[in-house]
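This report concerns only the one structure given below.
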Amino acid sequence: MILPIADDNTGRTLTPFLNYLLLAANIAVFIFLQDLGTNERFTYAFSTVPREIVTGKDVVQAITIRDPVSGDVVGTVNLQPTPISVYLTLLTAMFMHGGLAHLLGNMLYLWIFGDNIENSLRHIRYFFFYLICGVLAGLAHVFATVAFGGNPFLPALGASGAISGVLGGYLVLHPRRRVRVIIMRTIREVPAVVAIGIWFVFQLISGIGMLGSGAQAGGVAYAAHIGGFLAGVLLVKLFEPRRS
């Protein structure tokens with residue numbers, strides 16, 4: 001596995017203020033609304049619960065979480081009343097995270113890849129591209145949960161689905177742009193198609209592995225990553241401004 005740490009910003013002409021706002025919004029929600037991840041009442045009220053999306057009905061109850069392999073009980077989740085339409089949790093969940101490591105990992109990818117996509121699409125187009133990819137990623141997770149026997153009451157949250165869309169768009173628009181990565185304990189520069197391609201292959205392998213154990217393996221909704229990425233690949237050209 002490789003870890004991206006920077007990319008080539010040569011040719012960027014716009015200040016990516018919307019990307020900065022997205023970064024700030026995710027961090028602010030985690031600090032002030034989720035209380036650094038300790039406010040479970042808020043988190044479980046605004047996370048995406050597949051069962052709620054499928055039925056359109058809010059679920060308020062304690063959910064027992066079992067290990068998909070052994071069947072042992074590993075914890076409980078107390079789903080809270082959602083004060084808005086359950087369908088809007090496909091948006092609100094995009095700005096929440098399960099922990100500090102979850103937040104920092106997502107923000108690293110958004111910081112590195114989001115600015116050049118905003119530069120290519122322009123501010124408003126980038127904003128809607130980001131949100132649409134995130135919603136489609138959430139729906140992909142819901143579909144995978146239902147189709148492959150995952151726990152439909154297990155809430156999902158995080159910006160990774162939308163950021164996966166950003167990666168998909170980056171692969172289409174900037175496949176040869178150099179990305180600095182850490183690989184085998186060394187820092188190297190590789191084309192974006194290599195850095196992002198390896199990331200996507202890992203998602204596919206992990207996603208296939210989840211088929212035997214539920215749609216969310218190890219706390220990671222790989223279907224959302226795959227769905228968001230494919231959405232970004234397919235949609236980014238539609239959001240790219242027409243050139244005279």
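The values are calculated or read from the model by the stated rules, or taken from the named source; none is laboratory data. On a predicted model such as this, the values are computed, not experimentally measured, just so you know. Quick reminder, even Gly has a Cβ in these numbers, built from the backbone with ideal geometry, and neighbours come from all protein chains shown.
Some notes on this structure:
- Selection status of residue 13, of a type in the set (S, T, N, Q), out of contact with any His (no Cβ under 6 Å at 6 or more places or on another chain) and surrounded by 12 or more Cβ atoms within 10 Å (Cβ to Cβ): no
- Take the conditions (1) in contact with a Phe, Trp or Tyr (Cβ under 9 Å, 6 or more places away or on another chain); (2) surrounded by 17 or more Cβ atoms within 10 Å (Cβ to Cβ); (3) not hydroxyl-bearing (Ser, Thr, Tyr); residue 83 misses just one of them, which is (2).
- Boolean, residue 67 is without any contact (Cβ under 8 Å) to a residue 60 or more places away in the chain and surrounded by 14 or more Cβ atoms within 10 Å (Cβ to Cβ): no
- Considering the conditions (1) exposed (fewer than 15 other Cβ atoms within 10 Å of the Cβ); (2) out of contact with any Gly (no Cβ under 6 Å at 6 or more places or on another chain); (3) more than 20 Å from residue 145 (Cβ to Cβ), residue 22 is excluded by exactly one of them, (1).
- Failed item, numbered, when residue 93 is tested on (1) of a type in the set (A, V, I, L, M); (2) touching a Phe, Trp or Tyr at 6+ places or on another chain (Cβ under 8 Å); (3) part of a strand (DSSP E or B): (3)
- Against the conditions (1) surrounded by fewer than 19 Cβ atoms within 10 Å (Cβ to Cβ); (2) of a type outside the set (A, V, I, L, M); (3) within 17 Å of residue 232 (Cα to Cα), residue 160 satisfies every one except (1).
- Per the conditions (1) crowded, with 19+ Cβ neighbours inside 10 Å; (2) touching a Pro at 6+ places or on another chain (Cβ under 6 Å), the sole criterion not satisfied by residue 176 is (1).
- Matching entry among 46, 30, 42 (being surrounded by 14 or more Cβ atoms within 10 Å (Cβ to Cβ), in contact with a His (Cβ under 9 Å, 6 or more places away or on another chain), aromatic (Phe, Trp, Tyr) and closer than 21 Å to residue 161 by Cα): 30
- Residues (surrounded by fewer than 24 Cβ atoms within 10 Å (Cβ to Cβ) and modelled with pLDDT under 95) located in the stretch 217-240: 217, 218, 219, 220
- Scan the stretch 51-64 for residues that are under 17 Å from residue 83 (Cα atoms) and either of a type in the set (S, T, N, Q) or under 19 Å from the mean Cα position of the chain (by Cα) (or both) and the total you get is 3.
- Boolean, residue 119 is surrounded by 17 or more Cβ atoms within 10 Å (Cβ to Cβ) and over 14 Å from residue 225 (Cα atoms): yes
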